[in-house]
Amino acid sequence: MSVSLRVNIIGLLFGKPATLFTSLDRMPVTSSTPLLQTNIDGLEPIARGKVRDIYDAGEHLLFVATDRISAFDVVLPNGIPHKGEVLTKLSMFWFDFLKDVVPTHFVTADVDEYPENLRAHKDQLDGRSMLVKKLDMVPIECVARGYVSGSGWKDYQKTGAVCGVKLPDGLRMNGLLAEPIFTPATKAETGHDENISFEQATEIIGQDLCAKLRDLTLDIFSRAGQHALACGLLLADTKFEFGQLNGEIVLGDEVLTPDSSRYWPLEFYQAGKPMPSYDKQFVRDYLETLDWDKTAPGPELPASIIEKTSEKYLEAYYTLTDEDL
Ligand SMILES: Nc1ncnc2c1ncn2[C@@H]1O[C@H](COP(=O)(O)OP(=O)(O)OP(=O)(O)O)[C@@H](O)[C@H]1O
Ligand SMILES: [Mg+2]
């Protein structure tokens, strides 16, 4: 049996796309082969985040979501199959969902429309990348919270407030807020972003812009939350990043992905109880069983954890869009 046929049969058995190729050397990068880092001839990324590689594509930026996964702020050595594709296509879903509410930085995800030097790298870019407009980014993160969770819960326990927003006594962990709140954060170059009050945010970006971004953030959050709810998910909180282009406010970055948002399955929700992270919980639970000090380098993940995590990302996509990848 030829190598390609054998691999295709193995692919079929494991439910992976059966891509035809003639030898293992020429095995194309399929979406189920995790991509840890992009390699574009003659182009250096202008940034490699924990997950994304970003390139200057002339008029636009090329955003590539790799399959890297981080936990406790450390990038782990394994990739998660389909993760980059889910992050990209879920952002695209939300850009389309929100297009009448706010201009977005999305230009195209069709590699055939990319500049010529990028088109040759379709095997790496297809499905996981997009061209976006270059924005002058607003230097704060716009967070909306409908529930008191994560750093919000920590702040509330200490001060009874989150980002200077006084909350009623007696709220429970992961409890529903009477109404969603805007809780900005700094964009730390290194280390953790820091929660700041609305007043502190106005000192950084000015009163006018800050008020506009607060209203827009809460509006988008509520629309997205209603959609998520109709899909059986609670959108507990999320982070947006906005930029400006020709004096207009534009929604940038990734949008309402499991990496930038807390989604909880409605059927398992209970105030006062820790809620598992929708996507990374298997990874975090596994890492907690190890004697690892949560500094780089991170440990290898077992195949079963990688597979279950991949399924969760795919499930998030399917649940929110009602479509398979
Ligand atoms: N349209 C845009 N134009 C210019 N910069 C953008 C645009 N959209 C997003 N950005 C910026 O690009 C960067 C995206 O980086 P990325 O999310 O990959 O890494 P990061 O935010 O530094 O780290 P993390 O991995 O924790 O998210 C952010 O600094 C974001 O503010
Ligand atoms: Mg980011």
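Listed by first and then second residue, the pairs with beta-carbon distance under 9 Å, at least 6 apart or on different chains, first residue in the stretch 306-325 and within 19 Å of H227 (Cα to Cα) and part of a helix (DSSP H, G or I), second at pLDDT below 95 and of a type in the set (A, V, I, L, M, F, W, C), are L314/L325; Y317/L325; Y318/L325. Contact map, the stretch 187-198: first residue surrounded by fewer than 10 Cβ atoms within 10 Å (Cβ to Cβ), second residue not in a strand (DSSP E or B), Cβ cut-off under 9 Å, separation 6 or more or different chains; pairs are G191/D73. In this entry, T289 passes the filter for residues that are free of Cβ contacts under 8 Å to residues at least 60 places away in the same chain and either surrounded by fewer than 20 Cβ atoms within 10 Å (Cβ to Cβ) or not hydroxyl-bearing (S, T, Y) (or both). Within the stretch 35-49, the set of residues being within 19 Å of A296 (Cβ to Cβ) and either out of contact with any strand residue (DSSP E or B) (no Cβ under 6 Å at 6 or more places or on another chain) or at pLDDT below 95 (or both) comprises Q37, R48, G49. For G160, the stated conditions do not hold, so it cannot be described as away from ligand 1 (no atom under 16 Å from the Cβ) and in contact with a Ser or Thr (Cβ under 9 Å, 6 or more places away or on another chain). Name the residues in the stretch 246-286 that are closer than 25 Å to L209 by Cα and in contact with a Lys or Arg (Cβ under 6 Å, 6 or more places away or on another chain), would you? Result: S260, single match. Considering E323, E311, E300, the condition of being away from ligand 2 (no atom under 16 Å from the Cβ) and under 20 Å from M130 (Cβ atoms) is satisfied by E323 alone. Considering the stretch 41-57, and only residues there that are of a type outside the set (S, T, Y) and surrounded by 18 or more Cβ atoms within 10 Å (Cβ to Cβ), the residue that is farthest from ligand 1 (Cβ to nearest atom) turns out to be A57.
When the residues of the stretch 249-263 are filtered to those that are part of a loop (DSSP other than H, G, I, E, B) and more than 12 Å from ligand 1 (Cβ to nearest atom), which remaining residue is surrounded by the most Cβ atoms within 10 Å (Cβ to Cβ)? This residue is L256. Within the option set A211, A224, A228, being more than 28 Å from L314 (Cβ to Cβ), more than 16 Å from ligand 2 (Cβ to nearest atom) and not aromatic (F, W, Y) holds for one residue only, A211. Within the stretch 60-69, can one find any residue that is among the polar types (S, T, N, Q), surrounded by 22 or more Cβ atoms within 10 Å (Cβ to Cβ) and more than 17 Å from E241 (Cβ to Cβ)? Checking the stretch 60-69: at least one residue is among the polar types (S, T, N, Q), surrounded by 22 or more Cβ atoms within 10 Å (Cβ to Cβ) and more than 17 Å from E241 (Cβ to Cβ). The single residue among I80, I54 that is free of Cβ contacts under 8 Å to residues at least 60 places away in the same chain and of a type in the set (V, I, T) turns out to be I54.
A quick yes/no check of all residues on (1) touching a strand residue (DSSP E or B) at 6+ places or on another chain (Cβ under 6 Å); (2) under 27 Å from F72 (Cβ atoms):
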{"site": "I181", "(1), (2)": "yes, yes"}
{"site": "T186", "(1), (2)": "no, yes"}
{"site": "E203", "(1), (2)": "no, no"}
{"site": "K212", "(1), (2)": "no, no"}
{"site": "L233", "(1), (2)": "yes, yes"}
{"site": "I249", "(1), (2)": "yes, no"}
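The values are calculated or read from the model by the stated rules, or taken from the named source; none is laboratory data. Given the structure is predicted, the values throughout are model-derived calculations rather than measurements. Quick reminder, even Gly has a Cβ in these numbers, built from the backbone with ideal geometry, and neighbours come from all protein chains shown.
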